[in-house]
Amino acid sequence: MNAPSAPNDEASLPDGLVWNRRHMLGIEGWSAAEITAVLDLSDRYVEQNRRADKRSTELRGRTIMNLFFEDSTRTRTSFELAGKRLGADVLNMSVGSSSVKKGESLLDTAMTLNAMRPDFLVVRHAQSGAPKLLADKVNCSVLNAGDGTHEHPTQALLDALSIRRRKGRLEGLTVAICGDILHSRVARSNIHLLGTMGAHVRVVGPPTLIPSSIDRMGVEVFTDLDEGLKDADIVMMLRLQSERMNGKFVPSPREYFRFHGLTSERLKVAKPDALIMHPGPMNRGVEIDSEVADDIGRSLILDQVEFGVAVRMACLRLLASTQKQSN
Amino acid sequence: MPLIAFTNARLLDPASQHDETGTLVAEGGKITAFGAGVAAPEGAQIVDCAGLCLAPGLVDMRVAVGEPGEEQRETILSASRSAAAGGITAFAMLPNTTPVIDGIAGLEFVARRAREAKLVKIFAYGAVTQGAAGRDLAEMGLLAEAGAIGFTDGTNAIGDALTMRRALSYARAFGKVIVQHPEEPSLAAGGQMNEGEISTRLGLSGISRAAEIIMLERDLRLVELTGGRYHAAHLSTAEGVELIRDAKSAGLPVTCDVAPPYFALSEIDIGDYRTFAKLSPPLRTDDDRRALIAGIADGTIDAIASDHAPQDQDAKRVPFAAAAPGVVGLETLLPIALELYHKGAIGLLDLLARMTFAPAKILGLPLGQLKVDAAADLVIFDLDRPWVINADAFRSKSKNSPFDKRPVAGAVVMTVVDGRIVHQS
């Protein structure tokens with residue numbers, strides 16, 4: 001296969017892609033064209049990442065700061081690789097050892113970093129809306145790497161890319177998002193994205209983990225896993241945090257697995273070619289059986305990790321194009 | 001004795017439904033005469049009102065102040081200035097200070113500071129429970145003797161049913177009202193906004209409307225049981241209004257108030273995490289907002305209180321979940337309330353009653369009326385003057401207003417306390 005026509009250093013994007021956003025705070029409100037732009041560009045970066053020489057120079061000279069107020073090895077590493085493969089300088093701020101621990105406010109921390117003139121702040125925070133708060137104050141681009149229970153836009157984009165590359169489309173697919181919907185930013189971003197792209201989205205989980213009025217977001221709600229999985233093309237399992245398992249929202253991990261754990265037996269009601277996804281890290285034996293998670297033919301779990309880097313490269317590249325326009 | 005006459009004024013007295021153009025004369029801090037046929041006595045200082053409205057000064061029954069303990073938010077002096085600028089001549093202060101006003105020393109401190117500020121009349125609630133912690137009763141009798149205007153744990157709900165039962169019973173002996181923040185604590189715990197589609201979209205934990213409804217239902221049962229006087233503060237739900245309406249028609253000694261944000265805004269105004277629209281209880285739906293307006297109009301809702309809750313920048317310029325709830329309200333009470341009159345939802349005298357005579361009556365204060373021998377506490381305002389709310393210009397130390405930049409009609413021109421001009425614009 002030919003090397004992809006190299007996206008170049010110019011402000012213009014390849015193939016007439018159009019991009020106008022300065023920040024990526026959430027998928028809500030995005031058009032299908034915007035989502036498609038990210039996915040199309042991501043496809044090119046998947047190829048770049050499979051070459052021996054994975055680096056390009058499109059973001060040469062740009063600075064990316066990873067500002068993770070919540071621990072995350074996977075997402076942070078993925079953003080770090082994405083930045084480096086585009087030739088940018090990437091800094092990981094370890095918040096545990098920073099001034100935040102000394103009582104500095106979130107905004108003060110961000111303004112301090114902003115004064116060092118980064119081009120991107122990649123922010124993960126335990127509170128919904130924190131990236132928006134920063135985006136209103138700083139003059140670089142803010143990328144939401146997960147905020148509270150609000151959104152995790154790059155996760156939804158990498159999920160969509162994983163589905164699209166395997167199924168060839170998003171439109172018309174039935175996607176069952178299963179588990180702890182209440183606390184899941186991944187679920188919310190996926191609901192916005194998949195709905196906009198014309199997929200049929202279901203949410204499936206115990207009633208205590210289904211948020212109020214979520215049907216108003218255009219999804220079908222199921223509390224019975226077998227019903228929710230029936231004829232699904234995609235089964236997206238969510239992680240159930242251990243602190244929610246012991247009597248707070250569900251009585252026990254054992255009971256949760258009995259009614260909401262994904263097993264190969266349960267999966268039989270889904271389409272025969274249904275694919276399994278999980279944003280990781282998995283609780284094997286709680287929300288997903290190892291046999292299912294490790295089934296190479298059906299599990300997209302490692303694709304998701306691989307394509308995550310490509311999607312984040314595409315996001316950085318698109319945001320960089322608006323920075324040049326505004327400078 | 002200082003003698004002052006307000007001539008050519010539209011005299012509005014909600015208690016007597018009096019509305020005519022004339023003159024009001026005050027001497028020695030008291031109203032001596034008012035009406036169409038009254039002439040300004042010789043030697044009086046003349047204030048020509050040029051046809052503007054003159055009403056009893058507003059009585060605000062729910063104000064939080066940061067003094068003692070959090071003076072960076074608001075002092076008694078800054079709250080007094082803010083109140084005077086808002087046409088408020090008397091307010092009742094919540095006991096949620098540091099330390100909590102649960103003993104007579106706290107009341108005496110507030111009284112002394114109010115005397116020093118010498119602007120508006122400041123009354124204080126005593127806490128129902130020690131530390132407003134909801135467990136053991138505070139010294140309500142001693143507090144009542146020392147001037148507590150009523151009892152409340154302020155921003156904290158009295159969650160324990162037995163404590164509420166005893167508080168209602170015990171306060172009866174002193175003829176005082178118990179003011180509740182009606183929100184079931186375990187249902188509200190950790191909640192950031194109204195529970196529903198918007199909280200789900202924003203990823204903020206919701207507070208069900210049931211939190212208010214359940215608490216009111218429980219409390220009304222306890223009122224029935226004890227016969228104690230009960231006041232529900234800042235209603236936020238349609239069902240809450242309905243419950244109070246039913247309780248009143250059943251003859252229970254129950255009153256309630258609402259604050260302007262609840263009838264002027266709804267949860268939609270949170271938008272993209274605007275912390276200035278974070279309140280406790282949370283802003284609810286537009287249906288609730290309309291039901292509250294209907295409740296004000298039909299008198300189910302007795303009073304409109306500012307629910308003034310000053311918060312400094314550090315408490316609001318943070319992620320929504322970390323932000324403190326509350327809105328400064330002293331300087332926006334009148335113009336936001338007047339929106340109801342301008343929209344035709346309620347008559348002017350009835351609207352003014354909710355901010356003068358009615359709250360005064362709930363608190364047992366002889367205020368909020370134009371009456372001979374009553375204190376000359378007055379507000380003169382231009383009913384129609386258009387202006388744009390500017391939080392930066394507030395006298396309050398805090399600027400946390402969701403009404404900043406809102407165009408309104410109706411402006412305070414002068415505030416008079418005991419015949420003395422304390423604010424003029």
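The values are calculated or read from the model by the stated rules, or taken from the named source; none is laboratory data. From a predicted model like this one, the values you see are computed outputs, not experimental measurements. Note that we place each Cβ from the backbone using ideal geometry, even for glycine, and neighbour counts take in every protein chain shown. Quick note on the areas: whole protein, heavy atoms, side chains included, nothing else; ligands and nucleic acids left out. Shrake-Rupley method; radii C 1.70, N 1.55, O 1.52, S 1.80 Å.
Quick check on chain A: helices-only [θ] at 222 nm, where DSSP H runs of length 4 and up contribute -39,500 (n - 2.57) each and the sum goes over total residues. Nearest 500, please.
Counting only the DSSP helices, I get -11000 deg cm²/dmol.
Pop the C-beta distance of B:Arg385 and B:Ala173 into the FRET formula with R0 = 51 Å and round what comes out to the nearest 0.05.
0.60
Rounded to the nearest 10 Å², what accessible area does B:Arg73 show when all protein chains are kept and the probe is 1.4 Å?
Accessible area of B:Arg73: about 30 Å².
Calculate how steeply helix B:286-298 sits against the longest principal axis of the alpha-carbon atoms of chain B, using the helix alpha-carbon long axis, and give the answer as 0 to 90 degrees to the nearest 10.
That helix lies at roughly 40 degrees to the long axis.
For B:Ile101, B:Ile293, give the ranking by accessible area with the largest first, probe 1.4 Å.
B:Ile293, B:Ile101
How much length is gained on full extension from A:Ser105 to A:Lys230, taking 0.36 nm per residue of separation minus their Cα-Cα distance?
40.2 nm
About the Cα centre of chain A, what is the dipole size in debye to 20, counting +1 per Lys and Arg Cβ and -1 per Asp and Glu Cβ, all else neutral?
680
Just to be sure I understand the rule: take each whole DSSP H helix in chain A, project its Cα atoms onto its long axis, keep it if the span is 24 Å or more and its mean Kyte-Doolittle hydropathy is at least -0.5. Which ones pass?
Membrane-span-like by this rule: A:32-50, A:301-326.
If each DSSP helix of 4+ residues adds -39,500 (n - 2.57) and the sum is divided by the residues in chain B, what number results at 222 nm, nearest 500 deg cm²/dmol?
Value at 222 nm, helices only: -8500 deg cm²/dmol.
For the pair B:Asp314/A:Arg21, report the inter-label distance in nm, with labels modelled 7 Å from Cα in the Cβ direction.
3.5
For A:Lys271, which lysines qualify as cross-link partners when the Cα separation must be under 18 Å and same-chain residues fewer than eight apart are set aside?
Reachable lysines: A:Lys167, A:Lys230.
Using +1 on the beta carbon of Lys and Arg, -1 on that of Asp and Glu, and nothing else charged, what's the dipole of the protein assembly as shown about the Cα centre, debye to 20?
Magnitude of the dipole: close to 1560 debye.
Based on DSSP, what percent of beta bridges with both residues in chain A are antiparallel, to the nearest 5?
Beta bridges within chain A, antiparallel portion: roughly 5 percent.
Taking 7 Å along the Cα-to-C-beta vector as the label spot, tell me the B:Ser16-A:Gln323 distance in nanometres, rounded to one decimal.
7.3
Can you sort B:Glu108, B:Glu195, B:Glu42 by 1.4 Å-probe accessible area, starting with the largest?
My answer, sorted largest first, is B:Glu42, B:Glu108, B:Glu195.
For peptide A:203-216, how many partner chain Cβ atoms fall within 10 Å of a residue's Cβ, on average?
Per residue, the number of nearby Cβ atoms from other chains is 3 on average.
To the nearest 0.05, how large is the calculated FRET efficiency for B:Ala250 and B:Asp298 if R₀ is 25 Å and r is the Cβ-Cβ distance?
So the FRET efficiency works out to roughly 0.95.
For A:Pro211, what is the net charge nearby, where nearby means another residue's Cβ is under 11 Å from its Cβ and Lys, Arg count +1, Asp, Glu -1?
My count for the surroundings of A:Pro211 gives -1.
Taking a label point 7 Å from the Cα of B:Asp272 along the Cα→Cβ vector, which residues of region A:137-164 have an amide N closer than 18 Å to it?
From region A:137-164, the list is A:137-154.
Using the basic label-point model (7 angstrom from Cα toward the beta carbon), what is the B:Ile46 to A:Glu70 distance in nanometres?
Reported label-point gap for B:Ile46 and A:Glu70 is 7.1 nm.
Take the alpha carbon gyration tensor of region A:182-281, find the square roots of its eigenvalues, order them as a ≥ b ≥ c, and report rounded if a/c is under 1.5; if not, report prolate when a/b exceeds b/c, else oblate.
Verdict is oblate for region A:182-281.
Quick one: Cα centre-to-centre distance for region A:140-218 and region A:262-317, in angstrom?
For region A:140-218 versus region A:262-317, the Cα centre distance is 14 Å.
Please report the orientation-averaged projected area of the protein assembly as shown, defined via the convex hull of its C-alpha atoms, in nm².
Averaged projected area of the protein assembly as shown's Cα convex hull equals 35.8 nm².
Pick from A:Glu34, A:Glu255, A:Glu151 the residue whose mean-square fluctuation is largest in a GNM of chain A, springs joining Cα atoms under 10 Å.
Ranking A:Glu34, A:Glu255, A:Glu151 by mean-square fluctuation puts A:Glu255 first.
Rounded if a/c is under 1.5, else prolate if a/b beats b/c, else oblate: with a ≥ b ≥ c from the C-alpha gyration tensor eigenvalues square-rooted, which is region A:173-223?
prolate
If R₀ is 56 angstrom, what is the calculated FRET efficiency for the pair A:Thr208 and B:Asp373, using the beta carbon separation as r and rounding to 0.05?
0.35
For peptide A:148-160, how many partner chain Cβ atoms fall within 10 Å of a residue's Cβ, on average?
Counting other chains' Cβ atoms within 10 Å and averaging over A:148-160 gives 2.
Just going by the charge dipole of region B:352-425, with Lys and Arg at +1 and Asp and Glu at -1 on Cβ, which of B:Phe357, B:Val413, B:Pro402 is farthest out on the positive end?
B:Pro402
Antiparallel DSSP bridges in chain B: what percent, to the nearest 5?
Around 50 percent of the beta bridges assigned by DSSP in chain B are antiparallel ones.
Over 37 Å, how big is the tail of the calculated P(r) for chain B, in percent of all Cα pairs?
Considering chain B, 18 percent of its Cα-Cα pairs are separated by more than 37 Å.
If you place +1 on the Cβ of every Lys and Arg, -1 on the Cβ of every Asp and Glu, and leave all else neutral, what size is the dipole of chain B about its Cα centre, to the nearest 20 Debye?
About 380 debye.
Would you list B:Ser78, A:Ser242, A:Ser31 from the most to the least accessible area, probe 1.4 Å?
A:Ser242, A:Ser31, B:Ser78
My understanding is that a pair violates if its Cα-Cα distance is over 18 Å; which of B:Lys278/B:Lys316; B:Lys248/B:Lys371; A:Lys132/B:Lys399; B:Lys316/B:Lys399; A:Lys84/A:Lys137 do that in this structure?
B:Lys248/B:Lys371; A:Lys132/B:Lys399; A:Lys84/A:Lys137
Quick one: angle between helix B:210-226 and the longest Cα principal axis of chain B, in degrees between 0 and 90, rounded to 10, please.
70
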